[in-house]
1. Only one of these conditions is not met by Ala250: (1) aliphatic (A, V, I, L, M); (2) at pLDDT below 80; (3) within 13 Å of Ile146 (Cα to Cα). Which number is it?
2. For the stretch 117-148, which positions are outside any helix (DSSP H, G or I), open to solvent by 10 Å² or more (accessible area, probe 1.4 Å) and at pLDDT 90 or above?
3. If you take the residues of the stretch 269-296 that are part of a helix (DSSP H, G or I) and small (Gly, Ala, Ser), which of them is farthest from Pro128 (Cα to Cα)?
4. Which condition breaks for Phe43 when tested against (1) modelled with pLDDT of 95 or more; (2) open to solvent by less than 70 Å² (accessible area, probe 1.4 Å)?
5. Condition first: outside any loop (DSSP other than H, G, I, E, B) and either open to solvent by less than 50 Å² (accessible area, probe 1.4 Å) or on the phi > 0 side of the Ramachandran plot (or both). Now tell me which residues in the stretch 253-268 satisfy that.
6. Consider Arg337 carefully, then state whether it is open to solvent by 70 Å² or more (accessible area, probe 1.4 Å), of a type in the set (Lys, Arg), in contact (Cβ under 8 Å) with a residue 12 or more places away in the chain and more than 15 Å from Ile230 (Cβ to Cβ).
7. Which residue is farthest from Leu197 (Cα to Cα), if the candidates are limited to the stretch 1-34 and must be hydroxyl-bearing (Ser, Thr, Tyr) and loosely packed, with under 13 Cβ neighbours inside 10 Å?
8. Taking the residues in the stretch 340-358 that are at pLDDT below 90 and open to solvent by less than 40 Å² (accessible area, probe 1.4 Å) as candidates, determine which candidate is farthest from Asn221 (Cα to Cα).
Amino acid sequence: VDLQVCTSESPTCCTKKMEERYQTAAKQDIQQVLQTSSATLKFLISRNAAAFQETFEMLIRLAENYTSTLFCNAYGNMAAEATVHVQEFFTDVGLFLFGTDVSTEEFVNRFFDTLFPVVYNHVINPGPTDISLEYAECLRAARRDIRPFGNIPKKAIGQMGRSLLPSRTFLQALNLGIEVINTTDHLHFSRDCSRALLRMQYCPHCQGLTMSKPCLGYCLNIIRGCLADIAEVDLHWRGYIQSLEELSGALSGAHGVEHVLLNFHSLVRDALVQARTNGPELSGQVNKICGPPVRKPKQSPGCSFDQNKDNQGLKMFSRDSEETLANRRKEFISHLRLYRAFYGSLADQLCGNELAAADGLPCWNGEDVVRSYTHRVVGSGIKAQSANPEVKVKGTDPVISQIIDKLKHVIQV
């Protein structure tokens, strides 16, 4: 008599305790089914997010090697000092790509600012001794006015901004995709939905009907009711996949991150050539601003960069990196496109593939085993639920609203 949900006219073999255990089982079942249905999608995104991140890390290391090698081969006397600044620069590139708030303009400028005193000391105005720290500091501060490297820093700022930002956005978007799936996989079910799930899946057991499955229409009403929030994600998920597709197309070519990073060393080479060519003129400008050089005893170690350490593996990587990255993105996007309607058709998929009885077979309608379900079947999404005969659906879950806002934001970005 004390059953809450699985009440019936005829005798029942369920106690309140059993009903409570069935209630827990019904919730666990639906979570399990949700997680299983999204498992391949989640794996697709997380595997690619990891692969792209690894490729970018590899690219950064390779570009750093190229740039350090340039100093070792062509400017050995200043290589040790310059390599430190090269490392700092590529650390900043990595921080930016993987989501830290640093500005590309700032770290490109910082690189050329710190490079100028080294170039002045060894190329423009070399002496038997090194310039003092204070003098180096003056040069660093004056670099933007003196413009020893011409418009190359400006060119580098443009290239870095254009190429790094889309790649950074691409990685952030993939991580958001994983977050969306984790959120919808662990949906919080309302009391009304939990009871409806119990009635659909386990109440027949209380009447000894352990083999009967719910009618398709009945199943759709309950699952569409329980997943009404998730169906609201559908429109934004489609938009998210479409903008990922557009972004992926924009990542290739001359503005591609591979192209820009792997050719950074040639920009640096041009900058050094320009400084050397305009040496005498630059010396005059420096004297006006910082005075004649103040020197201290020399301490210039040779090249400390180990060129052979990574180069074998990296060389192989660089040859086909551009090709591979573009192809890998294309392939990923074409697989992801198959999941465009994932959230819109989730309820239909669950009832059709797993939960409901096959067409034409006797089925459970919440009270009895019948030939077919006679109530009206409602559509997907929150609005359609006002007419749902099986589940009362209140407003949107705030957790889902939040994830929709994040999708809207990333689409804008």
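1. Just one mismatch for Ala250, condition (3).
2. Arg147 - this is the single residue of the stretch 117-148 that is outside any helix (DSSP H, G or I), open to solvent by 10 Å² or more (accessible area, probe 1.4 Å) and at pLDDT 90 or above.
3. Looking at residues that are part of a helix (DSSP H, G or I) and small (Gly, Ala, Ser), I get Ala271.
4. The single condition Phe43 does not satisfy is (2).
5. The answer is Gly253, Val257, Glu258, Val260, Leu261, Leu262, Phe264, His265, Ser266, Leu267, Val268.
6. yes
7. Ser10
8. Going through the stretch 340-358, the residues at pLDDT below 90 turn out to be 352-358.
Checking which are open to solvent by less than 40 Å² (accessible area, probe 1.4 Å) leaves us with 355-357.
On the way: Leu355: 12, Ala356: 11, Ala357: 14 Å.
Step by step, filter the stretch 340-358, then rank; the result is Ala357.
The values are calculated or read from the model by the stated rules, or taken from the named source; none is laboratory data. Nothing here was measured: the structure is a model prediction, and the numbers come from that model. In this analysis, Cβ positions are derived from the backbone assuming ideal geometry, glycine residues included, and neighbour counts consider all displayed protein chains. Ligands, DNA and RNA are excluded from the accessible area calculation, which covers all protein heavy atoms including side chains. Shrake-Rupley method; radii C 1.70, N 1.55, O 1.52, S 1.80 Å.
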